[in-house]
Amino acid sequence: MDSTEYRARAERLLTSQHPLDLNPVVVEQAAVWAQLATAAATTEAAEQAKESVR
């Protein structure tokens, strides 16, 4: 998965339900997907920077 896919999962969790249905478990799951998105984006940026140096 890439950072865009991780971000989409986080967004789906937070937007697919009625606002009153958001519970701590759903928010926690979305936070994990958001952290994975951040990590993937960092890795992707590092790979792009590494390729641009070559």
Within segment 39-54, of all residues that are surrounded by 11 or more Cβ atoms within 10 Å (Cβ to Cβ) and not charged (D, E, K, R), the one farthest from Tyr6 (Cα to Cα) is Ala45
Looking for something touching a residue at least 40 places away in the same chain (Cβ under 8 Å) and assigned to a loop (DSSP other than H, G, I, E, B) - is there at least one such residue anywhere in segment 1-24? yes
Note on segment 15-26: residues open to solvent by 70 Å² or more (accessible area, probe 1.4 Å) and under 17 Å from the mean Cα position of the chain (by Cα) are Thr15, Ser16, Val25
| message | Take the conditions basic (Lys, Arg), open to solvent by 90 Å² or more (accessible area, probe 1.4 Å), modelled with pLDDT under 95 and within 11 Å of the chain's Cα centre (by Cα) and apply them to Arg12. Does it pass? | response | yes
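The values are calculated or read from the model by the stated rules, or taken from the named source; none is laboratory data. Quick caveat, the model's predicted, so the values are computed rather than measured. Cβ sites come from the backbone with ideal geometry, for glycine too, and all protein chains shown count toward neighbours. These accessible areas exclude ligands, DNA and RNA; they are computed on the full protein's heavy atoms, side chains included. Shrake-Rupley method; radii C 1.70, N 1.55, O 1.52, S 1.80 Å.
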